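This report refers to the structure that appears directly beneath it.
No value in this document is a laboratory result; all are computed from the given coordinates. This is a predicted model, so every value here is computed, not measured. Reconstructed Cβ throughout: ideal geometry from the backbone, glycine too, with neighbour counts over all protein chains shown.
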Amino acid sequence: MSFATRYPGATIMPFEGKHPQIHESAFVAPGACIIGDVTIGPEASVWFNCVLRGDIHRIVVGARSNVQDGSVFHVEGPRPDTDGSPTIIGEDCVIGHMALVHGATVDDRGFVGMGAIAMDDSHIGEGAMLAAGALLSPGKRIPAGELWIGRPAKFLRQRDAAQIEKTRFQSDRYVRLASRYLAQSADGASEG
């Protein structure tokens, strides 16, 4: 089945011979643009009007992670001192609406809040959170389980186990919601 049939209304295109790799159980919403060297894992979801542009480096979205409406992922290409910065999202991550992730890494169960920005070579550790509206400067690292807020982002406090578990709950909720959208798409295709 072609991407156009599986994900009607989404733009999924190769760039310079690199084709997006989207797991059959993933959901890509209409209006999303997935370009070039992008891998989307099992049960992951990319929602309405997101842009994942893997043209000068790669982007990976791990299993069960969700990239919510209007978010933008890009990368940093090779420079004289480095081979560039991919955007790597681990498993069970939550990327809030209108987030900008540029050449950054988010480890498993990491959370990027609505409207937050994670810049080149920044790193959000396992179970850590970049709060809504925060700006994580280039090269900054949020250690595992910490909450950072502000522009520029600074440490606020350690997240407790219940807060980290809530990220997993939100990830699971998006997996269930995406499966409902996929079922609706399949029903619509069978009616047409």
³J(HN,Hα) computed for each position of region 25-37 - Karplus, 6.51 cos²θ - 1.76 cosθ + 1.60, integer Hz, glycine/proline x: 8, 7, 10, 10, 6, x, x, 6, 10, 10, 10, x, 7
Residues 33, 50, sorted so that the one with the fewest Cβ neighbours within 10 Å comes first: 33, 50
Residue 58 versus residue 11: modelled label distance in nm, points set 7 Å from Cα along the beta carbon direction: 2.4
Distance cut-off 20 Å, percentage of C-alpha pairs in the chain lying past it: 50
Note, ³J(HN,Hα) from phi for region 109-114, Karplus 6.51, -1.76, 1.60, rounded to Hz, x at Gly and Pro: 6, x, 9, 10, x, 4
Summed residue charge, Cβ within 15 Å of residue 168's Cβ, Lys/Arg positive, Asp/Glu negative: -3
Model label zone, residue 157; criterion: amide N under 16 Å from point 7 Å along Cα-to-beta-carbon; scope region 100-140: 128-132
Which of 23, 74 has the fewest Cβ neighbours within 10 Å, and the rest in rising order: 23, 74
Tilt relative to the chain, helix 161-191 - C-alpha long axis, 0 to 90 degrees, to 10: 20
Gain on full stretching of the segment that runs from residue 4 to residue 79 - 0.36 nm per residue minus C-alpha separation: 23.5 nm
222 nm mean residue ellipticity, helices alone, for the chain (DSSP H n ≥ 4; -39,500 (n - 2.57); rounded to 500): -6000 deg cm²/dmol
Exposure proxy ranking, count of Cβ atoms within 10 Å, fewest first, for 108, 83, 37, 69: 83, 69, 108, 37
